[in-house]
Amino acid sequence: MSLDSGRLGAMARKEWIQLRRDPRSMILAFVLPLFLLLFFGYAITWDVDDIPIVVVDRDRTAASRSLVDAFVASGYFTVAEHAETGRQAEEDLVAARVKGILTVPPEYATDLSSGRGAVVQLLLDGSDANTATIAQNYADAIVARHGARALPGNRARAAPLRLEPRTWYNPNLESRHMIVPGLIAVIMSIIAAMLTALTIAREWERGTMEQLAATPVARVEVVLGKLLPYLLIGLFDVAVTVVAGMAIFGTPFNGSVVLLAAMTLLFLLGALGLGIFISAAVKSQVLATQIAMIATYLPAVLLSGFLFDIASMPFVLRTFTYLIPARYFVTVTRGIFLKGVGAPVLWPEALFMLGYAVLGLGLATHVFRKELA
Amino acid sequence: MTEMEHPVVVRELTRRFGDFVAVDSVSFDVRSGEIFGFLGPNGAGKTTTIKMLTGLLTPTSGEGRVAGFDVLRERNEVKRAIGYMSQRFSLYPDLTVLENIELYAGLYGVTGTRLDRRRTWILDMSELWDARNRTTEQLPLGWKQRLALGCAMVHEPPILFLDEPTSGVDPVARRRFWDLIDGMAVGGTTVFVSTHYMEEAEYCHRLALMNRGRLIALDAPRALRERVVEPILEIRCADAPRAVEALGGVPGVLDVAMFGRSLHVTVVDAVAGSDAVSSALAGAGLTATDMRVVEPSLEDVFVSLVRAQGGALVG
């Protein structure tokens, strides 16, 4: 069936006017993306600092105090309390007032200065495994550095093997820099499907679909006409969230704006198509919104690689992630933002997203039956 | 027989939904420039027939040609040639009067000076100039109805399909709407209109009576009324519902129906019938304040035809 630009234009114009007059769509389109960015941007962080610990100092010497000071000076730990006994400290741990107990044994200073080597204990609350792991790594580093400095004569022994780690793209390993680009991808998957989920269902509920079906307008013209205004809004939303991410969270943007725009377009075609498909299939605004939410929100958050590394997922889940369009867009946004990579690297993602765009729009056009049976 | 004389030609058109036969082998022709009424109770198959003729629904079997195009194989040509107004006169409530007109103009390819001309025509016809920038959700039902009619006519189609266009509209607005329809027909448009308001059917040049998916009669309203041979008594009575009960099964009485605030009683013979009715009412402790033989209404025609075919009414 041929595509008539006059009919397509009439549909798109009508959709645009309706969108402008619908407060719910306006909130979805212009308020929710920024709100989600701020909400998740501040809420989700893996950076752990100011870990509260309780100190049991059985040595009470200048050396032991210096060790505790080193913990505090690192910025990763704060001393919530000095306990007299181990039992007292344990109570704090059980009550979750602190995340760990640092115990300095008696004779610490003596052992240290004698060159025999001293042992201090850090007891961690493993019920929060993530924080415990990070705290342990920080403590290791602090103790190693402090130990080297505390050696008599301050002579550092050269280790026979030494690793010199260095992190690219996000040198300070700030998780927010990783969260924000991924977050933009996740937000757009949700918003895109929610926006279009309403459109065709609304026509069915109001009875306007029957009137449309009686005109010469083609299915593909209806689908594309509904898509166009939302495509513009989607591009606008991505621009706003990118700028906000940079301005508010200081996320670096190292890649090409044009490439991001092109990739966003590909992604939005699929995501908006999915919303239209759901809307056409269920014909109810409430149901379509709920399905769009479930179909996009959880997979985008859990299976896109946004929160959890895909490579370390079990095989079945990992295979499943290939079905989540957000997965590709998360890779794209992170790549462009942090690594500044270009099309030569991201073409497989582009190809997959193109596939989803064709699939989404094809399904939408196919399922949306103009015939009223 | 050409499409010039018969813009709508229907042959043994049938639509089944599972075991249910919504439209059962219906055949008729619509003449050019006439107001063709489709009359019957809800569920008689009127809307299903209209949907098949407007390309919205695929017939199970049979044939339909509209403006010379096959309703099954040439749906797009059919859609371009007709105007259609559904039961819910589906305008976009959040668009203004002008925006609704321009949307349908765009969908029917009406542009440029033709659009200017049609926009003016619609606003004149519907008398909505002052309301042209108001969203349609703010308009009274009668106004929406006129706008929907205008939108259906935006591309000047030779055939107009109206599916129960006056449902829910007050009698004054309904009357005015029928004047507009009449004007369209005078202007050469063929109007195919369905209704379940019997009194509206009088506006039609010819009427197709539908019941249970079948066409039971097709003729001018006057000719249809003449088909009823049994006399009909109009009775006024204080307690009409009880009177209906009292008259049921009385020998010589064929049918009793409420007709507004009075009763229409079809009898075998006028004289014997009035005696039987009077005594039956007296037996129930009721008295008729007025009783006379009247011309059959279209409702009486309908009931009589259904009874003659041994059928029952839907609903």
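The values are calculated or read from the model by the stated rules, or taken from the named source; none is laboratory data. Note that this is a predicted model, so its numbers are computed, not measured. Cβ atoms come from the backbone with ideal geometry, glycine included; neighbour counts cover every protein chain shown. In case anyone asks, the SASA skips ligands and DNA or RNA and just uses the protein heavy atoms, side chains included. Shrake-Rupley method; radii C 1.70, N 1.55, O 1.52, S 1.80 Å.
Can you give me the long-range amide H partners of residue B:83? Hydrogens built in the peptide plane at 1.01 Å from N, cutoff under 5 Å, separation of 5 or more residues or another chain.
Here the answer is B:159, B:160, B:161, since their amide H atoms fall under 5 Å of that of residue B:83.
Roughly how far apart, in whole Å, are the Cα centres of segment B:1-71 and segment B:198-238?
20 Å
For the Cα atoms of chain A, what angle does the longest principal axis make with the long axis of helix A:325-334, in degrees from 0 to 90, nearest 10?
Compared with the principal axis, the helix lies near 50 degrees.
With every protein chain left in place, what is the accessible area per residue of chain B in square angstrom, probe 1.4 Å? List each step's numbers first, then the result.
Details: 13460 Å² over 315 residues.
Ligands and nucleic acids excluded, the figure is 43 Å² per residue.
In nm, to one decimal, how far is the residue A:127 label point from the residue B:58 one, both placed 7 Å along Cα→Cβ?
For the pair residue A:127/residue B:58, the computed spacing is 6.3 nm.
Per residue, how much accessible surface does segment A:184-248 expose to a 1.4 Å probe? Answer in Å², no decimals.
I get 22 Å² per residue for segment A:184-248.
Go through segment A:173-214 and flag every residue whose accessible area shrinks by 10 Å² or more with all protein chains in place compared to the isolated chain (probe 1.4 Å).
Buried by the other chains: A:205, A:206, A:207, A:208, A:210, A:211, A:212, A:213, A:214.
Compute the helix-to-body angle for A:175-206: its Cα long axis versus the longest principal axis of chain A, expressed 0 to 90° and rounded to tens.
30 degrees
For segment A:11-140, what does the accessible surface come to per residue with a 1.4 Å probe? Please give it in Å².
Details: 7020 Å² over 130 residues.
Per-residue value: 54 Å².
Report the paramagnetic label zone for residue A:78: residues of segment A:48-64 whose backbone N is under 17 Å from a point 7 Å from Cα along the Cα-to-Cβ axis.
Within reach of a label on residue A:78, which here means backbone N under 17 Å from a point 7 Å along Cα→Cβ, segment A:48-64 contributes A:48-55.
For chain A, which whole-number percentage of the solvent-accessible area (1.4 Å probe, protein heavy atoms only) is attributable to carbon and sulfur atoms?
Working: 11560 of 18250 Å².
Here it works out to 63 percent.
Under 13 Å from a point 7 Å along the Cα-to-Cβ line of residue A:351: which residues of segment A:258-278 have their amide N that close?
Counting backbone N atoms under 13 Å from the label point, the list is empty.
Given a 1.4 Å probe and no ligands, DNA or RNA in the count, how much accessible surface is buried by B and A, both sides, to the nearest 100 Å²? The partial results should precede the final answer.
On the way: alone 14720 and 19510 Å², together 31720 Å².
That pair of chains buries around 2500 Å² in total.
Report ³J(HN,Hα) in whole Hz for each residue of segment A:250-267, in order, from the Karplus equation J = 6.51 cos²θ - 1.76 cosθ + 1.60 where θ = phi - 60°; Gly and Pro get x.
x, 5, x, 10, 9, x, 9, 5, 4, 4, 4, 4, 5, 5, 4, 4, 4, 4
Dipole of chain B, Cα-centred, from +1 at each Lys and Arg C-beta and -1 at each Asp and Glu C-beta, to the nearest 20 debye?
Computed about the Cα centre, the dipole is about 720 debye.
Multiply the residue gap between residue B:268 and residue B:76 by 0.36 nm, knock off their C-alpha separation, and tell me the result in nm, one decimal place. Let's see the in-between values first.
On the way: separation 192, 0.36 × 192 = 69.12 nm, distance 5.23 nm.
Roughly 63.9 nm would be gained on extension.
So what's the back-of-envelope 222 nm ellipticity for the protein assembly as shown, counting only DSSP H runs of four-plus at -39500 (n - 2.57) apiece and dividing by all residues, rounded to 500?
Working: 25 runs with 346 residues, N = 688.
After summing the helix terms and dividing by residue count, I get -16000 deg cm²/dmol.
Taking amide H positions as placed in the peptide plane 1.01 Å from N, state which residues far from residue B:216 in sequence (5 or more) or on other chains have amide H under 5 Å from it.
Under 5 Å from the amide H of residue B:216: B:209, B:210, B:211.
Test of understanding: what is the full-extension gain from residue B:186 to residue B:279, defined as 0.36 nm times their sequence separation minus their Cα-Cα distance? Walk me through the numbers on the way to the answer.
Numbers: separation 93, 0.36 × 93 = 33.48 nm, distance 5.14 nm.
Roughly 28.3 nm would be gained on extension.
Over chain A, with a Gaussian network built from C-alpha contacts below 10 Å, which listed residue (A:40, A:267, A:77) shows the highest mean-square fluctuation?
Taking springs between Cα atoms under 10 Å, the residue moving most is A:77.
Please list 3J(HN,Hα) in residue order for segment A:272-287, calculated via the Karplus relation 6.51 cos²θ - 1.76 cosθ + 1.60 where θ = phi - 60°; whole Hz, with x for glycine and proline.
Computed from phi, the couplings for segment A:272-287 are 5, x, 4, x, 5, 4, 4, 4, 6, 6, 9, 6, 9, 4, 5, 5 Hz.
What is the distance, in nm, between label points placed 7 Å from the Cα along the Cα-to-Cβ direction at residue A:175 and at residue A:236?
3.4 nm
If you count the DSSP beta bridges with both ends in segment B:8-220, what percent of them are antiparallel, to the nearest 5? Working shown, then result.
Working: 20 of 38 bridges.
The antiparallel proportion sits near 55 percent.
Relative to the longest principal Cα axis of chain A, at what angle does helix A:219-249 sit, 0 to 90 degrees, rounded to 10?
20 degrees
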